[in-house]
Structures are given as C-alpha cells and as structure tokens.
Amino acid sequence: MTYGLTMRNGQQRSSTRRAVLRAIVLVQLIMGSCVLVGASDASNFSEAAGLFARRCSGCHTYGKGVRVGPDLKGVTDRHPKSWLMPFIRSSQTVIRQGDPVAVALFRQFKQQRMPDHDLSPQQIEHILEYFASDGPEKQPDDERLASTATLADIELGRQLFYGDKNITSGGQACSSCHRIRHERWVQGGTLGPDLTTVYTRYQDGALTILLRTPCIERMSGMSRGALLTPRESFVLKSYLRQVSFTQLPQNRAQVSSSVTVAAQNAPPTDHSRRESR
Amino acid sequence: MNANSLFTVWPYAAGTTLLVGMIVRLVMIQAHITAVGPPHSIKDRSIASNILIVMLGLLLVVHSLGSIFPQFFFRWSRVPARLYFFEIAAFLVGMLALGSFISVIWRSLSHTHSGTSIISWLGQMVFLSLLLVCLASGLLMAASYRWSSVWGAMTLMPYFVSVVSGKPTASLVTGLPFLARLHVFVTWAAMASFPFSQTAEDISAALFRSLGGTIAPSVDWISGHYRAGQHWLQRHNPAAWILRDEED
C-alpha cells in the first residue's frame, strides 16, 4: 500500500517536473521569438530609413512641405496600401492605366515623372510602415544631446570606453588606443589621440558623426559598417562630455568659482543670524 | 611607388624572392656541402647567440599567435593587470633580443671570415641591418604607442593575414604612425634579403643535412637541369665565334 502511494507520489512529482520544464521551454521560446521579432523590427526600420534617405528624400520631404513631389507625412492615411504599393513600384504604369487619383496627382505636380523603383513588396511594406509610424521624424538614439544623459548612461559609457562592458559588434574598447587624462590614465593606449577634450572640440553633432565611423577598418569576420549601436554611441558621447567638463583646469576653476558664488549668495545660516543680532 | 603598392605589391615580391632564393640556395648547397662544414652546436655558439635564437623564436611565436588567435589577445587584455604583465614581458623579450643581436653583430664584425665571398658578406650585412631596424622599430613602436599587443592584433596582424590570403588590406597599415609602417616594410625587406645572407647558407646546409634523403631527388632533378642548361650555353656561346681571334 505504502509502496503504491509512494509510486503514485513519485509519478506525480515527475509529471509535475515535466510540466514545469515544458513551461520553462515555452516561455523561453516566446521570449526568444519576441527578441527575434524586435531585432527584425529594428532592422526593418533602419532598412526603411535608408531606403527613404536614398530613394525618396531627393524629391519628397516628410512634414516639411512640397519639394518636387508631395509631402509624404500622412501618406498612409491619404491613400490605401493597395494603391500605394503598385504606385511606388511603377507610378507611370498606374497613371497609364487611367487611375483617377494617380492622374490627378500627375497633373497637380506639373507632370513630374516619378521613377520606377525595383523594390520588393516587403521593402515597400517596410517603407509604408516607416511612414505610418512617423519614422522620418523619430530621432535616432545617437543624435540625442549628450546633456540629456542620466548618470546611468554616463556610467555605461565609461564601462564601454574601458572595456568593462563589451561592445555589441565585438569591437575593441576605446581605451585600447585612446586615453583620458587623470582617469585610469595608465590603462589608456597612446596610438590614437587623447580624448579628454574631444567633446569640447567637436560637440554633439560632429562627435555623433565621428562615432558612426569605425576607427580602423575591420577584416572580414567582423561586421562592417557601424562599430557602435546608436545607444552605445550616445552613452560614449555622454561619458566623453562628462570627462571634458570635469577634467579641464579651467572647467575645474569654473566649477569651484561657481561653488564660491553660490556660497556667497546663499541665505544666512542660523549661526550668522544669531551673530548679527 | 605609392604607399598602397608598398604594402600590397612589395610583400609578394619579398615572398617570391625568399622562396626562389631558398630553392636556389638548396640547389647550390648540394655542390659544396662539404665546404660549409657541420652546424655549430649549442655549446659552440656564444651565450648571446643562444639568447638571440631563443628570443627571436619567442617573438616569432607571439606574432604568429597574434595572427592566428587575435581574440585571445583581446580577451587577455580585458584585465588591466594581465595586459601590463604581458606588455612588460614582451618588451623585455624584445630588449633581450635586441641586446643579444647587437652583441652577435659586434662579434661578427670583429672576426674576419676567410673564404667568405664579398657578395655573401654584403648580403649578410644587409640582412642583419634590416633585422636590427626591424627589432629596434618594434621596440620603439611598443614604447611610443603602448598596448601594441591589442592594437597590433587589430591592425598589423589582420594585415598580415590579408597578405597571406591574397587580398592585402593596405589601409590597415597606411593609417598607422611612421614607426609601425617602417616595422612592416623592413620585415618584408629582411625576408627578401634573407636568401642572400650567410645565415641562409647555414640554414640551407642544416636543412639539407637533416632532410637530405627526402629532398635529394628534387634537388638532383633541379641540379641536373641546371647543369644541362650550363652545358648548352657553353656549346652555343656566341663569344666563341665573335672573339675567335682572342681565343687563338
């Protein structure tokens, strides 16, 4: 009897374990697919942004009025996707077919012929999703001003600079070739220039462009193109800004003088009030 | 010659010179192997020579590892203490190599070598000078631009691999400081001058002695064709009928 009970309990425990394992695997699969979808969404977004910049922005603006062709802001609200897809692919074909909307647009914009685009249906879909989500007006992460960074961003930038945290693309830490004065000075390399005052010299815009370009050409086996993700670029820029503003002597003097001025302008303390009486 | 061709064409010219030169050396060594004499044993060589051989061997191993396993150097250097240790140790090895090299050259210059032709002597001096510049530039480079184990594994080693794989990426080198470019250029130059040096003759003799049975048939084949070519040239030498009066 006891043996039967033990057997039943043992079977119940193993079936429970199996169920828990299956649940864990299922949750991991769901999370993994979310990550994959998120990653592919991000890559679709950047592909669409690139296509817009290369193929469309010569004649169209987004939210800035007519250039050669119409402003594309809200285009997915004005026209259905079933019309936009063939029109983007070959506007002249749609016009020749006598589509009234296409013909009206053609006349409105002085019969400027939009060139045909050899884009796949998926690419056109990504571009339309890009327009629907106001993609052109979204600022890439690395274009944010470094002054908007939090302490956590600056700390992450420091970790990336010194290699305490790995860069996503597998590239080497900045300190392999560059150094910052007065901060882990020995750890920084001297092949490249000292980066202590790089933010002061280049400021946000130019530094953002610099960080988009790999310092050293990479051999095949490493991903070519951007060395840093937009997020990594932003936090590194934030760290370099923080370093620029705290390491220079004149900035240290400015900091100390501002502290002195603040102390002079501070309201009298209770002790001084008692003395003045 | 622009900087690009200096690092894209010159390595292959140097490599070809090395290969062809060593084959010719092996062929020629067979003719006068007895004149070369047995190789020196460790006891016969000076302390400086032994240190030099060991240090050069270590440097060669480290450079090779950097080419084949650069990721190892990247992971190793992530911990600052390990990075400092490796850099200091490698610098000491380089200093020992340079010091022993200068000592060996000084001894070589001090002794007269009878029986050595002027061409061999000149070839040896050129090779040793280039090797000296290679060692010195490497040390100066490591001292001037620190953590060369890391940035070298990012630039110079991938450049070397790109040359070996037939697709040289000169931009990995041309953007570097002068010392780094000098180090690379002189390395190729030393490779090209090696077959003309006395050291190459000694190594050829040692190779021939150790591999004699294996390579002898190939060497015999080449030697046979070389002698046949010489005989043909002698039979069809235009000087014989142009300068007939002088021969009479």
Query - Computed label-point distance, nm, for sites B:Val54 and A:Leu151 using a 7 Å Cα→Cβ extension - result: 5.4 nm
Requested in this report: Determine how large the accessible area of B:Phe72 is when every protein chain is in place; take a 1.4 Å probe and give Å² rounded to the nearest 10.
Outcome: 110 Å²
Query raised in the report: Tell me, which residues of the range B:166-180 get at least 40 Å² less accessible area when the other protein chains come in, versus the chain alone (1.4 Å probe)?
Result: B:Leu172
**Report entry** Surface share of carbon and sulfur [accessible, 1.4 angstrom probe, percent] for the range B:166-206
**Finding:** 70 percent
Query raised in the report: Measuring with a 1.4 Å probe in the full set of protein chains, what accessible area per residue, in whole Å², belongs to the range B:156-203?
Result: 40 Å²
Report summary line: For the pair B and A, the solvent-accessible area buried on both sides (1.4 Å probe; DNA, RNA and ligands excluded), in Å² to the nearest hundred, is 1700 Å²
Query raised in the report: Which pairs break 24 Å Cα to Cα here: A:Lys73/A:Lys138; A:Lys73/A:Lys110; A:Lys165/A:Lys237; A:Lys138/A:Lys165; A:Lys73/A:Lys237; A:Lys110/A:Lys138?
Result: A:Lys138/A:Lys165; A:Lys73/A:Lys237; A:Lys110/A:Lys138
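Please list B:Trp121, B:Trp147, B:Trp76 in order of solvent-accessible area, largest first, computed with a 1.4 Å probe with all protein chains present. Can you show the working numbers first?
On the way: B:Trp121 115, B:Trp147 25, B:Trp76 80 Å².
The ranking, largest first, comes out as B:Trp121, B:Trp76, B:Trp147.
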Query - Per-residue SASA entry for B:Met95, accessible area with 1.4 Å probe, Å² rounded to 10 - result: 100 Å²
Query raised in the report: Given R₀ = 35 Å, FRET efficiency for A:Ser57-A:Thr200 by Cβ-Cβ distance, to 0.05?
Result: 0.60
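Largest first, how would B:Thr16, A:Thr197 line up by accessible area (1.4 Å probe)?
Details: B:Thr16 80, A:Thr197 30 Å².
Putting B:Thr16, A:Thr197 in descending order of accessible area: B:Thr16, A:Thr197.
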**Report entry** FRET efficiency, 1/(1 + (r/R0)^6) with R0 41 Å, evaluated for A:Thr246 and A:Arg107 via beta carbons
**Finding:** 0.10
Query raised in the report: So what are the radius of gyration and Dmax for the Cα set of the range A:39-147, in Å?
Result: 14.7, 54
Query raised in the report: According to a simple spin-label model (label point 7 Å from Cα along Cα-to-Cβ), what is the distance in nm between A:Thr93 and A:Gln159?
Result: 5.1 nm
Report summary line: Between the modelled labels at A:Val186 and A:Glu137 (7 Å from Cα along Cα→Cβ) the distance in nm is 5.4 nm
Query raised in the report: Applying the Karplus parametrisation 6.51 cos²θ - 1.76 cosθ + 1.60 with θ = phi - 60° to the phi angles of the range A:131-143, what ³J(HN,Hα) value in whole Hz is obtained for each residue in order, glycine and proline being reported as x?
Result: 5, 5, 9, 6, x, x, 8, 7, 7, x, 4, 6, 8
**Report entry** Å³ per residue enclosed by the Cα convex hull of the range B:123-188
**Finding:** 81 Å³
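How high is the FRET efficiency between B:Ile47 and B:Arg78 when r is their beta carbon distance and R₀ equals 45 Å, given to the nearest 0.05? It would help to have the intermediate numbers written out before the result.
Details: r = 38 Å, r/R0 = 0.84.
Result of the calculation: an efficiency of 0.75.
The values are calculated or read from the model by the stated rules, or taken from the named source; none is laboratory data. Source: prediction; values computed, not measured. In this analysis, Cβ positions are derived from the backbone assuming ideal geometry, glycine residues included, and neighbour counts consider all displayed protein chains. Each accessible area value is taken on the protein alone, full model and side chains, heavy atoms only, with ligands, DNA and RNA left out. Shrake-Rupley method; radii C 1.70, N 1.55, O 1.52, S 1.80 Å.
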